[in-house]
1. When the chain is fully extended, how far beyond the present Cα-Cα distance does residue 63 get from residue 104, taking 0.36 nm per residue of separation?
2. For 16, 43, which order do you get if you count the other beta carbons within 10 Å of each Cβ and list the fewest first?
3. Below 8 Å, C-alpha to C-alpha, sequence gap of six or more: please give me the relative contact order for the chain in percent.
4. Report, ordered by chain and residue number, the lysines lying within cross-link reach of residue 61, taken as a straight Cα distance under 24 Å and ignoring same-chain residues fewer than 8 apart.
5. Within a Cβ distance under 13 Å of residue 43, other residues only, what is the Lys/Arg minus Asp/Glu net charge?
6. Provide 136, 57 in ascending order of the number of other Cβ atoms located within 10 Å of each residue's Cβ, fewest first.
7. To the nearest 500 deg cm²/dmol, what mean residue ellipticity at 222 nm is calculated for the chain from DSSP H runs of n ≥ 4 alone, each contributing -39,500 (n - 2.57), summed and divided by the residues?
8. Only counting other Cβ atoms within 10 Å, I'd like 144, 41 sorted with the fewest neighbours first.
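Just so it is clear, none of the values below were taken in a lab; they were calculated from the coordinates. None of these values were measured; they are calculated from a predicted model. In this analysis, Cβ positions are derived from the backbone assuming ideal geometry, glycine residues included, and neighbour counts consider all displayed protein chains.
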Amino acid sequence: MRVVLQRVAAAQVAIDHQIVGQIKKGYLLLVAFADQDTEADLDFYVHKIANLRVFEDENGKMNLNIQQVSGAILSVSQFTLYADTQHGNRPGFSQAGAPAFAEQCYQSFNQKLAATGLPVATGHFGADMQVSLVNDGPVTIIFDSAQR
């Protein structure tokens, strides 16, 4: 499982110029899964993301989590996070999870995030999407279950 987390002031995802998900303050998550990922991986990263302290407190220190600032999550599936660029100029994606498995993981991940009480907007798995964001900071953090 790979997640690119970006702290945002606003973000949205559109399909065919129709907005399907949008948030104000919170996290844009770009998410991909591998066939080795487990429920334990999903649970670990849901807990990590919900409790990650990267929002500024009254002293300007990154000390608050997303719930403490009434933030929301926009979760977008992006299998290209598993791009293999070692050979040639065209990336390979054989490390990305099988589509049916990855979609099941994506849906479960989003449900688990929502179960924490966080508002969760999403894109559509497998769709061609246009993602817009206003990165806040910028703060960008990468999680990889292979490094857990």
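1. Working: separation 41, 0.36 × 41 = 14.76 nm, distance 3.29 nm.
Going from the current span to full extension adds 11.5 nm.
2. On the way: 16 9, 43 13.
In order of increasing Cβ crowding within 10 Å: 16, 43.
3. On the way: 303 pairs, mean separation 56.8, N = 148.
After rounding, I find 38 percent.
4. Correct list for residue 61: 24, 25, 48.
5. Values: positive: 48, 112, 148; negative: 37, 39, 41.
It works out to a net charge of 0.
6. On the way: 136 18, 57 12.
By the 10 Å Cβ count, ascending: 57, 136.
7. Values: 2 runs with 30 residues, N = 148.
Taken over the chain, the calculation gives -6500 deg cm²/dmol.
8. Working: 144 14, 41 19.
Placing the least packed residue first, the sequence is 144, 41.
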